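Data first, discussion second: the structure below is written as structure tokens.
The values are calculated or read from the model by the stated rules, or taken from the named source; none is laboratory data. Values in this document were obtained by computation on a predicted structure and should not be read as measured data. Cβ placement follows ideal geometry from the backbone for every residue including glycine, while neighbour counts extend to all protein chains displayed.
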Amino acid sequence: GAVVSQHPSRVICKSGTSVKIECRSLDFQATTMFWYRQFPKKSLMLMATSNEGSKATYEQGVEKDKFLINHASLTLSTLTVTSAHPEDSSFYICSARVQGKNEQFFGPGTRLTVL
Amino acid sequence: AQSVTQPDIHITVSEGASLELRCNYSYGATPYLFWYVQSPGQGLQLLLKYFSGDTLVQGIKGFEAEFKRSQSSFNLRKPSVHWSDAAEYFCAQQGGSGGGADGLTFGKGTHLIIQP
């Protein structure tokens, strides 16, 4: 149980285009989902917290107009990287949490490469 | 803001030897602490967690960690490592730097290399 999937696993896009990444909880309902970014050889950095049906809460220094987060249902959150640039290239990881529990379950990540 | 420190970027251990990975957290009287392992091409897997109670926590794959409030530490240990333990290990504390109070703050990770 507690499986989280991400799609796509890898995406390559041209500079200036937008890319959408999906995060799904497959066998549980996730009232809260989190988005992280992992740079090469670096730690994971929390980008934002999304609660189903409400606006995402962004961490300091994360541009909310650049990284659009939608959590429209209890099993799906999406991260859209708008007008992507090469510096947005990174590994994006989502996690999902069941209401009332502290443990987060992580997706396998999405590798974004912006040319 | 919270911070989690993993002082060792790389650690090399012989197969069968014992292991200790260090982690220090910076904030919170009652921190929620986690250890995760990340293998190449795989997602993060939870090894163990500490919320309260017994300060020695048992996890999966033979790992354990000890919470020491006086040292603000939560070190991960394993008595005898296997070649399959080679991976990146992350210590994390619940709480983000900004508005995401429930998100995790991660250390920079320790890359574990197992020598035959």
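Restricted to strands (runs of 3 or more DSSP E) entirely inside the range A:16-115, those with at least 2 residues that are out of contact with any Leu (no Cβ under 9 Å at 6 or more places or on another chain) are A:44-51, A:67-73, A:76-81, A:90-97, A:110-114.
The residues of the range A:93-113 that are of a type in the set (D, E, K, R) and facing chain B (nearest Cβ under 8 Å), listed by number, are A:Arg97, A:Glu103.
Being surrounded by 18 or more Cβ atoms within 10 Å (Cβ to Cβ) and among the charged types (D, E, K, R) is a description that does not apply to A:Glu52.
Restricting to the range A:1-15, name every residue that is part of a strand (DSSP E or B) and either acidic (Asp, Glu) or out of contact with any Cys (no Cβ under 7 Å at 6 or more places or on another chain) (or both).
A:Ser5, A:His7, A:Arg10, A:Val11, A:Ile12, A:Cys13
Pairing residues of the range A:53-71 that are more than 22 Å from A:Arg24 (Cβ to Cβ) with residues that are surrounded by fewer than 20 Cβ atoms within 10 Å (Cβ to Cβ) and among the hydroxyl-bearing types (Ser, Thr, Tyr), at Cβ distances under 6 Å and at least 6 apart in sequence or on separate chains, gives A:Glu59/B:Ser97; A:Gln60/B:Ser97; A:Lys66/A:Thr82. Residue count for the range B:30-67, restricted to those that are in contact with a Ser or Thr (Cβ under 7 Å, 6 or more places away or on another chain) and closer than 20 Å to B:Thr5 by Cβ: 3. The test for being in contact with a His (Cβ under 9 Å, 6 or more places away or on another chain), farther than 17 Å from A:Val11 by Cβ and either modelled with pLDDT of 90 or more or facing chain B (nearest Cβ under 8 Å) (or both) holds for A:Ala56.
For the range A:32-58, the set of residues classified as among the charged types (D, E, K, R) and over 13 Å from the mean Cα position of the chain (by Cα) consists of A:Lys41, A:Lys42, A:Glu52, A:Lys55, listed by residue number.
Exactly one residue out of B:Thr12, B:Thr105, B:Thr30 is of a type in the set (Val, Ile, Thr), free of Cβ contacts under 8 Å to residues at least 24 places away in the same chain and either in a helix (DSSP H, G or I) or out of contact with any helix residue (DSSP H, G or I) (no Cβ under 8 Å at 6 or more places or on another chain) (or both), and it is B:Thr30. Annotation note: of B:Lys68, B:Lys49, the sole residue that is under 10 Å from the mean Cα position of the chain (by Cα) and not hydroxyl-bearing (Ser, Thr, Tyr) is B:Lys49.
The set of residues from the range B:1-38 being within 11 Å of chain A (Cβ to nearest Cβ) and more than 19 Å from B:Thr105 (Cα to Cα) comprises just one member, B:His10.
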